[in-house]
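Here is the structure we will look at, set down as structure tokens.
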Amino acid sequence: MVKFIGSFDRVDAMPAARVPEYAFVGRSNVGKSSLLNALVGQGIARTSKTPGRTQQINVFTWRDVNLIDLPGYGYAKTSKTNIAHWLNRLIKYLTTREQLERLFILVDSRHGLKDSDLDMMDFCDENAVQYTIVLTKIDKKRAESKKYIEQIKEEIARRGAAIGDVIETSAEKKTGIQELKNAIIK
């Protein structure tokens, strides 16, 4: 059973409960909300083809943990002021939420790591934020995806805060969903 807790524009307005949190972040339109919906088996997070649709921190309770749907980084149809606000809020969330167990950095398997993904990984390494790379849309352009998987594995092997192997997922085909669940539910 999934329960929507709320959408928050400020980190200090989020619930203070000491429930473990698993957060999902990635470039705009990488498939964060679709993956969350596939993970819990129902349409809890609003999806859109428009980049930047998720603009607040969305909190859901699921199986005694909180799932956090964070706004995307990178391209979004909004003002530079909004983008700066989102980035500052993301930094505050990642550096102050003691209940954050793991950050899942979602990467579109058709495009591989972009500079903004590497920047996020650098930030996590520098701030000891544990993360796992999750490839999305693995069912699309499979040949390209395989090339990027090896590059990403090499990249995370050199990093201190990366946990585990790359999780390959498809929200549409439900590929990798059980592996993602296993990373959350111990």
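Calculated mean residue ellipticity at 222 nm for the chain: -10500 deg cm²/dmol, from DSSP H runs with n ≥ 4 weighted as -39500 (n - 2.57), summed, divided by the residue count and rounded to 500. Relative contact order for the chain: 23 percent, from Cα pairs under 8 Å spaced at least 6 residues apart, divided by residue count. Is the stretch 105-186 best put as rounded, prolate or oblate by its Cα gyration tensor, with a ≥ b ≥ c the root eigenvalues, rounded for a/c under 1.5, and otherwise prolate when a/b is larger than b/c, oblate when not? Oblate shape, in that a/c is at least 1.5 and b/c is the bigger or equal ratio. For the chain, the fraction of 1.4 Å probe accessible surface lying on carbon and sulfur atoms is 47 percent. A 1.4 Å probe run over the protein chains yields, for the chain, 50 Å² of accessible area per residue, whole-number rounding. For residue 140, the aspartates and glutamates whose Cα comes closer than 18 Å to its Cα, not counting residues fewer than 8 places off in the same chain, are 108, 150, 168, 172.
With 22 Å as the limit on Cα-Cα distance, the pairs of 114/173; 92/174; 32/114; 3/32 that go past it are 114/173; 92/174.
With all distinct Cα pairs included, what does the Kirkwood hydrodynamic radius of the chain come out to in Å, to one decimal, could you say?
Result for the chain, one decimal place: 16.4 Å.
The values are calculated or read from the model by the stated rules, or taken from the named source; none is laboratory data. Predicted, not measured: the structure shown is a model, and the values here were computed from it. Side chains are part of the model used for accessible areas, which takes the heavy atoms of the whole protein and leaves out ligands, DNA and RNA. Shrake-Rupley method; radii C 1.70, N 1.55, O 1.52, S 1.80 Å.
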